1. Once you have the Cα-Cα distance between residue 43 and residue 242, take 0.36 nm times their residue separation minus that, and quote the gain in nm to one decimal.
2. What does DSSP give for region 118-226 in terms of the percent of beta bridges that are antiparallel, rounded to the nearest 5?
3. What percentages make up the Cα-Cα pair-distance distribution of region 335-447 when the bins are 10 Å wide from 0?
4. Report D for region 239-356 in µm² per second (integer): Stokes-Einstein, Kirkwood Rh on Cα pairs, 37 °C, 0.692 mPa s.
5. Taking the solvent-accessible surface of protein heavy atoms with a 1.4 Å probe, what is the per residue accessible area of region 187-248 in Å²?
6. Work from the charge dipole of the chain (Cβ charges, +1 for Lys and Arg, -1 for Asp and Glu, about the Cα centre) and give the residue of 476, 369, 250 farthest towards its positive end.
7. Keeping the other protein chains in place, figure out the carbon and sulfur percent of the accessible area of region 245-313, with a 1.4 Å probe.
8. Over the alpha carbons of region 418-490, what is the largest minus smallest coordinate on each principal axis, giving the biggest first in Å?
Amino acid sequence: MNLELVPVPRAVAETEGAPFRLHPDTPVLGDARSVADVVACIARRTGLDLPAAGSGAGRPGIRIEITADGVPEGYRLSMDDGGVRVRAHDAAGAFYAVRTLEQLLRADAAGWVLPAAEIDDAPRFAYRGMMLDVARHFFPVDTVVAVLDRAASLKLNHLHLHLSDDQGWRLALRERPALTARASASAVGGDAGGFYSREDYRTIIAAAADRHIVIVPEIDVPGHTHAVGVAYPELAADPVISDDVRETVTAFGGGLPRAGEPYTGLAVGFSSLRIDDRATDDFLADVFGELAGLTPGPYLHFGGDEALGTDPVEYAAFVARASTLIADLGKIPVAWHEAGAASDLHPDTVGQYWGFVRPRDGADDLARAFAPRGGVILSPADAVYLDMKPRDDAALGLTWADGATSLARAYAWEPADVVPGLNEADVLGVEAPLWTETVRTLADIDALAFPRLAAAAEAAWSPATGVHPDRTWDSFRARVRALRPLWDAAGIAYDAATLDDASADEGDETRGLRP
C-alpha cells in the first residue's frame, strides 16, 4: 500500500507487519476529545460507528496518548495488525495524526484497512494559514465552517478573515453600528452583501478552535476603506482616481468610486481615511478595541496595503500608531509588507509578504524590516494567491500575478529562498490568500483552492525542498492525485482539470521561479 500523504510527513517507514483492519467493534481509547475525533473521522470516511473503550472484547484498537514529548503539534504514529498507536505532543498533534489516518484509510474486498507503517511527523512552521476575503463577496457562517474543515484537513492552523474593504464591512460592532447598518449590503458586481453578528463571529471562532485553528481578523486601514466612508463620511478622504483605477474600470466595469456611495467594482488604491484627524484615531480605538475583545487569538491584522491615496509620510506615521494601538490591546499587530516602510512600527509587528517569489520594486526590503520585529508570513502572489486562475481557460480567477498559476508553479517555490537575507527563524510560516472578486459560492472557493491549497500546505508543514526525498514535484503530483477519493467523499468541488493536467511539467510551468 502506498503511503500517499499531503503534506508529506517528516519521516515515513512501511513495516513488515500486516495491515490494521477496522471492525465494527474496534475500540478507540484516549482522552475524550481525541476519541470523539477518531470516531467521527472513521464514521465519515467508512460508515463504521466505532465504540469507545470498553467494547471490542480485547480486539486490537486505536489508542491516542498525549505525552508532551517532541515538538509542538507533532506526533508519532505506528500501525499494524496489533493496533494503531498515536503518541502526540499535544491535543493539536493528536488532531493532525487523525488527519493522517483519514488519508491513509483504504478499502479492500474485506473492508477498511490502515497500512503497517511508522510515521514521525511535526510541522516546519508554526504559522500555516489560509485567508478568506469575505469583503469583496460575503459568505455565510456555514461556508466559513466548511472552509475551516478544508483547511484543517491539510494541517493548516490559521484562518485569516479579511473583514473589510472598499466593497463592504462584514462584522457588526456595538461601538460603531453604522458600519453594518450603512456599509454591509454591497459586494463586487452589485451582488448582495451581508455581515456577521457578534454571535456569528463567536460561532466561527468556536468552530475554528474545535479544529485547532486560530482566527486572524483583518480590518484594512488606511486604504481599502471606501466602505468606512459610506458609513462615516467624515472619516474618509475623497477617492483618488488614478490611471490604474480608470484602466481597471475599463477592463472590469463597476464604475468609478464616488464619495459616500457604495462601491462594487474591482479597482484598488483609491481610498484613504483622513489619517491626520483625531476622529479617525477614535474610530480605530473603537474598532480594534472591540475586535480585540471578541477575538481570543493572539493576532489582529490591520492591513496597510495599497494605500496609494495616502501621503507616504502620513502613511508611515499612521501605521505606526495603529500597530501600537493593537499591541497596547494585548494583541500582536500584523500588516501587509508595505507597512515595513514605517520606522516606528511597534517592535512586535508581524509583516505579511505578498510580493513575488522573486521580489520586485523593493518589496524584499520592506519584508526584511520585519525580521527584527515580529517576523514574516510568506504569501507570494505568484505561488500561493488562490484567486489567480489555475489555468488560462479557467472560468474563475484573475491573472495579474504573471498569469495563471498552475499546480506545478504553486508547488515550485521554497520559503527560505523568497526574501534574501531572511533567516528561517524570521519566517513565521506560509499563508495562502483567496481574494474573492470572482468567487461567490463554496463551490467557487473549492475550484480555486483545490488542489493548489495542498501545495501551500506542504510548503508550510513539510521539510524544505532539497532536504526531504519526497519534496519534489513528481512525488507531490502523485500524492495529491491520490487524495481524489477523499475529496470526493468530503464533497470538495476541486478543479479536476488542474489536478489531472499532464502538461503541467515542472520545466514548462515554473517559469524559472527557483534560482
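1. Result: 66.1 nm gained on full extension.
2. For region 118-226, the DSSP antiparallel bridge percentage is about 15.
3. Reading the bins upward from 0: 15, 43, 28, 13, 1.
4. Rounded to a whole number, D works out at 212 µm²/s.
5. I get 37 Å² per residue for region 187-248.
6. Of 476, 369, 250, it is 476.
7. The C+S portion of the solvent-accessible surface of region 245-313 is 50 percent.
8. Ordered largest first, region 418-490 gives principal extents of 40, 30, 16 Å.
The values are calculated or read from the model by the stated rules, or taken from the named source; none is laboratory data. If you're wondering where the values come from, they're calculated on a predicted model, not measured in any experiment. Neighbour counts are summed over all protein chains in view; Cβ atoms, including those assigned to glycine, are modelled from backbone coordinates with ideal geometry. Note: accessible area is taken over every heavy atom of the protein model, side chains too, but ligands, DNA and RNA are not part of it. Shrake-Rupley method; radii C 1.70, N 1.55, O 1.52, S 1.80 Å.
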